[in-house]
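What follows is a short report on a single structure.
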Amino acid sequence: AIAFLGNTKNAKYTEIYLNALNDGSFRVINSAAIALGKTKDSRAFDALVKLKDKPSMKSQSLICALLGLKELGDPRGFEVAYKALADSNLPRWRLPLPAIWDYRVFAADTIKSLGKRNQAFPLIFERFKKSMAENDLNGMFYNLNLIVVLADARGQEAFEILKLKFKENDNLMVVVNQYERQFKADFEK
């Protein structure tokens, strides 16, 4: 119901969304955060920033806040998203790629939506290069995923590096090429 109301983008439902941010269900909180952001109400930013600090398992509150900030489109959301992107110590789900429950993926997407990908790219690219130097395969592809999400043109360099590194590994080349296709498709948007 909240998601349906949220699609109206009507600020007259703001109180419902603000109250729902205190619900016990993260599905409700997530829907409320997104709906609140869509209203562009003046209270939304502060409520979403407060939400990010609400105790939750695997940083779910932060994810909800980032989704709401993305919808809100307030440039102040960049600081919140960048801080989340830079933090690699917060609890997160460690599921196979794509890492759809990882707060850093949502942070990168929020940053991209705010038109600030150029400011976040160096952080991700440095992490990518560090994982290359350490021969950390998981780190390489995790950061490559974030590069795809940001869709900054400079990300093409990561693909060239990986193609050179894995030119003799057909299986990994399939993965690199798949990510590159997604990157180019997202970059063209």
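The values are calculated or read from the model by the stated rules, or taken from the named source; none is laboratory data. Nothing here was measured: the structure is a model prediction, and the numbers come from that model. Don't worry about glycine lacking a Cβ; one is built from the backbone with ideal geometry, like all the others, and counts go over all protein chains shown. Only protein heavy atoms, including side chains, enter the accessible area calculation; ligands, DNA and RNA are left aside. Shrake-Rupley method; radii C 1.70, N 1.55, O 1.52, S 1.80 Å.
Only Cα pairs under 8 Å and 6+ residues apart enter the sum, and on that basis the relative contact order of the chain stands at 14 percent.
Computed over the range 109-163, the alpha-carbon pair-distance distribution with 5 angstrom bins reads 4, 22, 34, 23, 11, 5, 1, each value a whole percent.
Across TYR82, TYR13, the residue with the most accessible area heads the list, and the full order at a 1.4 Å probe is TYR82, TYR13. The GNM of the chain, with springs linking C-alpha atoms under 10 angstrom apart, assigns the highest mean-square fluctuation among PRO75, PRO55, PRO122 to PRO55.
Our Cα-only numbers for the range 1-131 put the radius of gyration and Dmax at 14.5, 48 Å. Under the combined filter of DSSP loop state and at most 15 neighbouring Cβ atoms within 10 Å, the range 1-47 retains these trypsin sites (Lys or Arg not before Pro): LYS9, LYS40, ARG43.
Would you work out if the range 24-88 is rounded, prolate or oblate? Take a ≥ b ≥ c from the square roots of the eigenvalues of the alpha-carbon gyration tensor; rounded if a/c is under 1.5, else prolate when a/b is larger than b/c, oblate otherwise. Because a/c hits 1.5 or more and a/b fails to exceed b/c, the range 24-88 counts as oblate. Packing-based ranking of 168-174, 149-155 yields 149-155, 168-174, ordered from highest to lowest mean Cβ neighbour count within 10 Å. Modelled this way, with points 7 Å down the Cα-to-C-beta line, the labels at GLN182 and ASP23 are 2.9 nm from one another.
Which value in deg cm²/dmol, rounded to the nearest 500, describes the helix-derived mean residue ellipticity at 222 nm for the chain, given -39,500 (n - 2.57) per DSSP H run of n ≥ 4 and division by the residue count?
Working: 11 runs with 127 residues, N = 189.
Rounded to the nearest 500, the figure is -20500 deg cm²/dmol.
Rolling a 1.4 angstrom probe over the protein heavy atoms with all chains in place gives the chain an accessible area of 53 Å² per residue.
Surface composition of the chain: carbon and sulfur atoms hold 53% of the protein heavy-atom accessible area at a 1.4 Å probe. Counting only lysines at least 8 places from LYS9 when in the same chain, those with an alpha carbon closer than 20 Å to its own are LYS38, LYS40, LYS70.
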